[in-house]
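Take a look at the structure set out below.
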Amino acid sequence: MSAPTPEQLIHSFFYERLNYEKQVPLVYGQLHYRLKPLTELLELLGNPHRSMAVAHVAGTKGKGSVSTMLHHVLHSGGYRCGLYTSPHIHHLGERFLVDGRAADTAQLAEVLQVLGPAVAAIDERSSSDPEFGSLTFFDLCTATAFLYFYRQAVQIAVIEVGMGGRLDSTNVVDPLLSIITNVSLDHTQQLGNTVAEIVREKAGIIKPLRPVVSGVRQPEARVIVEEFARKHRAPLAQFDRHLTWTAEDSLSGPCVVRFEDPETHQVIVSPPLQTPLIGPHQRDNVALVFAATVYLRSAGWELSSPAILAGLAAAQVPGRLQVVGSKPRIVLDVAHNPASISALVETLRMMDAAAEKEVVPEAPSSQAPGDAVMSPGRRTLVFAVSRDKDVAEMLRIAAGYFDRFILTRFYDNPRALELERLREILAMVTDPLRQPIIEVFELPSAAFQLALKDAQPTDVIVVAGSLFLLAEIGSWSNDRPDVE
């Protein structure tokens, strides 16, 4: 019998664990989410997470984009920088980046040689003491990130929270600063049914005397962030109070950020900052990143304006309003809750308006000038979603823009909502006087191919609802998902 391949070893090591990304939601609390096993594991490994500086990023919307932007800025500044994000789209190594490059299979296999014996020791402890808890899939990923970054001589790492904050595996760090992006309703089964409850969990990453940059907007949630910052005597810079941006075009192009130090009231104005990421919400994220660079510079990290400009320009985040075609316009987006669907639709409308301004054909002599604008094409959404999301609200928002829905489901995750239920919800939330075209396909690849078939240059085709859907759109083969 042949020895297992590195890919097989990696798969068995990680995917035989409890995986909350593919688990029906469990109550968020010490019973299911425990930091002790991971803390003990890191202790056995020599606490690799303490060998590097850390920027810790939580939030509902924007945390992946902010983390990626900051990672590239630090790398452009000349620092060896790690980036830990989740989940991945195609392969596990995408979660662990050093200077913009994902870990490959060989590198992960080398890390497992060191990690494996320590994990075995923790597993033995868990078997003899059920109250101690057990290592989860995300625990192992987090330990892998720190160990891999240590072995790669990373100077500073940007660590994205998986879910929540207070009990998240990443909350073992003592960061240079914490960033909390915008917060909305998501993971309500675990984190709470109100924005205030959710932000209380996310504010759990705030540490004593460490600066906090907050993009939280809702008044009741901002009060909670202020409460946590005050309790920990942590300097707090808040969006719309200490942090604003202006731009001629909020869809794309440069923006200028104004940062007022909350303690000294010194005002710092950025040069025009630009990112390839599209949408006004990404300008919000740029502002948060700029504020983070101000705090990092005050802590001794040299980040020049050219480094910030170069880092932002290099920041690409797969699946964040990713335009992969122009005629028709094809957009991939990981929008998976009402707030992100709303941001997606808002940005699509802005893109429509920009396209109409750019292409206005001359009116024939028999036609009035006002009749010359090209009619917008069909707007198609290929959609699948996890059943623990607020699906009705997501589809209600989407139905205000899209006139055709191709419903499907992803298979590499048991949380996927069943197709019939998805169709029922869509029928309930759509306007009876504006019924969209609804089609249902079991296979994501078939759904996507149907959307592309006979598409006209003015059409808009969007794939959204879940990162798991994006992964399977590109990895379907012989009617089977190409899973790890």
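The values are calculated or read from the model by the stated rules, or taken from the named source; none is laboratory data. Being a predicted model, the structure only gives us computed values, none of them experimental. Neighbour counts are summed over all protein chains in view; Cβ atoms, including those assigned to glycine, are modelled from backbone coordinates with ideal geometry.
Here are Phe96, Phe132: which of them is surrounded by fewer than 21 Cβ atoms within 10 Å (Cβ to Cβ), under 28 Å from Glu201 (Cβ atoms) and of a type outside the set (Gly, Ala, Ser)?
After ruling out the rest, the residue left standing is Phe132.
Which condition does Arg230 not pass, out of (1) within 24 Å of the chain's Cα centre (by Cα); (2) in a helix (DSSP H, G or I); (3) surrounded by fewer than 22 Cβ atoms within 10 Å (Cβ to Cβ), if it passes all the others?
Exception for Arg230: condition (1).
Mind counting the residues in region 283-322 that are not hydroxyl-bearing (Ser, Thr, Tyr) and not in a loop (DSSP other than H, G, I, E, B)?
23
Tell me which residues, restricted to region 199-227, are surrounded by 19 or more Cβ atoms within 10 Å (Cβ to Cβ), part of a helix (DSSP H, G or I) and aliphatic (A, V, I, L, M).
Once the filter is applied, which keeps residues that are surrounded by 19 or more Cβ atoms within 10 Å (Cβ to Cβ), part of a helix (DSSP H, G or I) and aliphatic (A, V, I, L, M), region 199-227 yields Val199, Ala203, Ile205, Ala221, Ile224, Val225.
Provide a single number: the residues in region 44-90 that are closer than 23 Å to Asp174 by Cβ and not in a helix (DSSP H, G or I).
Summing the residues that are closer than 23 Å to Asp174 by Cβ and not in a helix (DSSP H, G or I) in region 44-90 gives 20.
Within region 261-298, take every residue that is buried (at least 19 other Cβ atoms within 10 Å of the Cβ) and in contact with a Gly (Cβ under 7 Å, 6 or more places away or on another chain) and give me the one that is modelled with the lowest pLDDT.
So the residue we want is His281.
Taking into account only those residues within region 441-464 that are hydrophobic (A, V, I, L, M, F, W, C), more than 28 Å from Ala353 (Cβ to Cβ) and in a loop (DSSP other than H, G, I, E, B), which is nearest to the chain's Cα centre (by Cα)?
Looking at residues that are hydrophobic (A, V, I, L, M, F, W, C), more than 28 Å from Ala353 (Cβ to Cβ) and in a loop (DSSP other than H, G, I, E, B), I get Leu443.
Would you pick out the residues in region 299-350 that are at positive phi and at pLDDT 90 or above?
Gly300
Any idea which of (1) over 24 Å from Leu140 (Cα atoms); (2) modelled with pLDDT under 95 is the one Pro235 doesn't satisfy?
(2)
If I filter region 394-403 for residues that are among the hydroxyl-bearing types (Ser, Thr, Tyr), at pLDDT 90 or above, outside the structural domain of Arg217 (by TED's automatic domain parsing) and in a strand (DSSP E or B), do I get at least one hit?
Scanning region 394-403 turns up no residue that is among the hydroxyl-bearing types (Ser, Thr, Tyr), at pLDDT 90 or above, outside the structural domain of Arg217 (by TED's automatic domain parsing) and in a strand (DSSP E or B).
Could you tell me which numbered condition Asn413 fails, if it satisfies all but one of (1) crowded, with 16+ Cβ neighbours inside 10 Å; (2) closer than 21 Å to Ala339 by Cβ; (3) of a type outside the set (Phe, Trp, Tyr)?
Condition not satisfied by Asn413: (2).
Report, by residue number, each residue of region 80-96 that is at pLDDT 95 or above and within 18 Å of Gly59 (Cα to Cα).
Leu83, Tyr84, Thr85, Arg95
So Met428 ticks every box in (1) surrounded by 14 or more Cβ atoms within 10 Å (Cβ to Cβ); (2) farther than 21 Å from Asp352 by Cα; (3) hydrophobic (A, V, I, L, M, F, W, C); (4) in contact with a helix residue (DSSP H, G or I) (Cβ under 8 Å, 6 or more places away or on another chain) but one. Which box is left unticked?
Met428 satisfies all of (1) surrounded by 14 or more Cβ atoms within 10 Å (Cβ to Cβ); (2) farther than 21 Å from Asp352 by Cα; (3) hydrophobic (A, V, I, L, M, F, W, C); (4) in contact with a helix residue (DSSP H, G or I) (Cβ under 8 Å, 6 or more places away or on another chain) except (1).
Tell me which residues, restricted to region 52-78, are of a type in the set (Gly, Ala, Ser), in contact with a helix residue (DSSP H, G or I) (Cβ under 6 Å, 6 or more places away or on another chain) and closer than 15 Å to Thr275 by Cβ.
Gly62, Ser65, Ser76
Give the residue that is farthest from Thr458 (Cα to Cα), with candidates limited to residues of region 323-354 that are without any contact (Cβ under 8 Å) to a residue 60 or more places away in the chain and assigned to a helix (DSSP H, G or I). If you could, list the steps in order and put the result at the bottom.
Step one: list which residues in region 323-354 are without any contact (Cβ under 8 Å) to a residue 60 or more places away in the chain, which gives 323-324, 326, 342, 345, 349, 353.
Still in the list and also assigned to a helix (DSSP H, G or I): 342, 345, 349, 353.
On the way: Ser342: 22, Val345: 17, Arg349: 14, Ala353: 13 Å.
The extreme case among them is Ser342.
Checking the conditions here, which among Pro272, Pro276 is touching a residue at least 40 places away in the same chain (Cβ under 8 Å) and not acidic (Asp, Glu)? Spell out how you get there, then give the answer.
Numbers: Pro272 fails: touching a residue at least 40 places away in the same chain (Cβ under 8 Å).
After ruling out the rest, the residue left standing is Pro276.
Determine if region 169-189 includes at least one residue that is assigned to a helix (DSSP H, G or I), at pLDDT below 95, under 20 Å from the mean Cα position of the chain (by Cα) and surrounded by fewer than 24 Cβ atoms within 10 Å (Cβ to Cβ).
Yes; the residues of region 169-189 include at least one that is assigned to a helix (DSSP H, G or I), at pLDDT below 95, under 20 Å from the mean Cα position of the chain (by Cα) and surrounded by fewer than 24 Cβ atoms within 10 Å (Cβ to Cβ).
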